[in-house]
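Here's the structure, in structure tokens; my notes come after.
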Amino acid sequence: MKAMILAAGRGERMRPLTDHTPKPLLKVGGKPLIVWHLERLALAGFKEVVINHAHLGEQIEAALGDGSQWGLHIQYSPEKVALETAGGIANALPLLGSEPFLVVNGDTFTEVDFAKIKLAPNNLAHLVLVDNPPQHSQGDFVYDNGVLKNDDTENKANSKLTFSGVGVYHPSLFVRVQHGEPAKLAPLLRQAIANNKASAEHYQGAWHDIGTPERLAALDMQLLGET
């Protein structure tokens, strides 16, 4: 299976840090966020990785090169204008191929075992969900007794979890996305869920959404304290 790291976001909430450094290259625990992902992908047995980029993308290519230092082969999918999540994935499909592939957000930190995330036959998506963080207390999707649903009118408050940004997708999920056009991922996922073509798992290990300089600094201190 190939993997894709989403690294094209501008990181507006991280300014001024991202004025001169792309968000995935911001360091925590002594190394860039995206390098933590690359190391875990290599450890999980992945060999082929695609990275999209837009804002200051040349820095990402210069920093990571061809991926050989991690035993990986990295290909890049540059975007002149950020295409959002689904648009960026659809734009990279020629590099990802015709088989299911793993996607992970480049601005998160997690210890999820990428090797264990699988897509069931005939499904279009498998999502890794996490407990709702304080900044996203309303959650994204209902996950009740192992069943992924868009909503639950009887128990909304307790059954929604947050999408971690880690998932496995079949290329067919993006068949209606126009190449080179911005497109959001959430509508595609909700349609797949409605069609019973999506599944999920509840991951309860380390996961951090690095959305602000304060959260970046807090994770940096935590990781440095553990080493």
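Only the coordinates and a few stated rules stand behind these numbers; no lab work does. Values in this document were obtained by computation on a predicted structure and should not be read as measured data.
The mean sequence distance of close C-alpha pairs (under 8 Å, at least 6 residues apart), as a share of the length of the chain, puts its relative contact order at 26 percent. The helix-based estimate of mean residue ellipticity at 222 nm for the chain, built from -39,500 (n - 2.57) per DSSP H run of four or more residues and divided by its residue count, is -7500 deg cm²/dmol to the nearest 500.
For the set LYS23/LYS197; LYS23/LYS160; LYS80/LYS197; LYS116/LYS197; LYS31/LYS118, the pairs lying more than 22 angstrom apart at their alpha carbons are LYS23/LYS197; LYS23/LYS160; LYS80/LYS197; LYS31/LYS118. Normalising the Debye intensity of segment 2-226 to I(0), with uniform scatterers on Cα atoms only, and taking log10 at q = 0.13 Å⁻¹ returns -0.75. Rounded to two decimals, the Cα-based Rg/Rh of segment 16-115, with Kirkwood Rh, is 0.93. In order along segment 30-35, the Karplus-derived 3J(HN,Hα) couplings, from 6.51 cos²θ - 1.76 cosθ + 1.60 at θ = phi - 60°, round to x, 8, x, 3, 5, 5 Hz, and Gly and Pro are given as x.
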